[in-house]
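Asks: Sharing a structure with you now.
Read the figures in this text as sums done on the coordinates, not as results from a lab. Predicted, not measured: the structure shown is a model, and the values here were computed from it. Glycine gets a Cβ as well: all are built from the backbone with ideal geometry, and neighbour counts include every protein chain shown.
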Amino acid sequence: MDFVDEVTLEVAAGDGGNGCVAFRREKYVPLGGPAGGDGGRGGDVILVAHDRFSTLFDLRYRKVVRAERGEDGRGKDQYGKAGADVRIEVPVGTQAYDADSDVLIADLNEHGAELVVARGGQGGR
């Protein structure tokens, strides 16, 4: 088994869904008011330290990680579903650096430690 101790990943959080422009239409309610739902929030990209791993081999060929986009809102006050988070399991002791500035962001030095590296967008209204 090969041992990989350094990988570079491009991460992108999910965009928030669009809100819906809709108006309530009922008999005997001349100006019903707004009835559109908000868009769902986008998914996050999260690093999770796990003690069952000892190498970053599984991430060797994975260059881009994107979280899911939130669903758009719908009429009748139906809110959009939130995008799914992407959880990347890494070995305990993994250090996350900003690739541009080479600054240490976090050291995941215990089992279960989590780091949100990209936060999903807020849903539209």
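Asks: Work out how much length residue 125 to residue 2 would gain on full extension: take 0.36 nm times their residue separation and subtract the Cα-Cα distance, in nm to one decimal.
Replies: 39.4 nm
Asks: Sticking with this one: Going by amide H atoms built from the backbone, whose H comes under 5 Å of the H on residue 78, apart from near neighbours?
Replies: Close amide H contacts, sequence-distant or interchain: 37.
Asks: Pop out the ³J(HN,Hα) list for the range 107-121 in order, Karplus 6.51 cos²θ - 1.76 cosθ + 1.60 with θ = phi - 60°, rounded to Hz; leave Gly and Pro as x.
Replies: Running phi through 6.51 cos²θ - 1.76 cosθ + 1.60 with θ = phi - 60° gives 10, 8, 9, 9, 4, x, 5, 10, 9, 7, 8, 8, 8, x, x Hz.
Asks: At residue 103 and residue 28, where each label point lies 7 Å from the Cα along Cα→Cβ, what is the point-to-point distance in nanometres?
Replies: Modelled inter-label distance: 6.2 nm.
Asks: So, one more: Of the options 14, 35, 113, report the single residue whose Cα projects farthest towards the positive end of the charge dipole of the chain (beta-carbon charges: Lys, Arg +1; Asp, Glu -1).
Replies: Comparing the listed Cα positions along the dipole, 35 ranks first.
Asks: I would also like to ask the following. Among 31-37, 75-81, 12-18, how do they line up by average Cβ neighbours within 10 Å per residue, starting with the highest?
Replies: Put in order of decreasing packing, that is 12-18, 75-81, 31-37.
Asks: Give a quick list of GluC sites (Glu not before Pro) in the range 1-104 that DSSP marks as loop, anything other than H, G, I, E or B, with at most 16 other Cβ atoms within 10 Å.
Replies: 6
Asks: Continuing with the same structure: If packing is taken as the average count of other Cβ atoms within 10 Å, what order do 45-58, 95-108 fall into, highest mean first?
Replies: My ranking of the peptides, most packed first, is 45-58, 95-108.
Asks: Can you check what the net charge comes to around residue 54, using other residues whose Cβ is under 13 Å from the Cβ of residue 54 (Lys, Arg +1; Asp, Glu -1)?
Replies: -4
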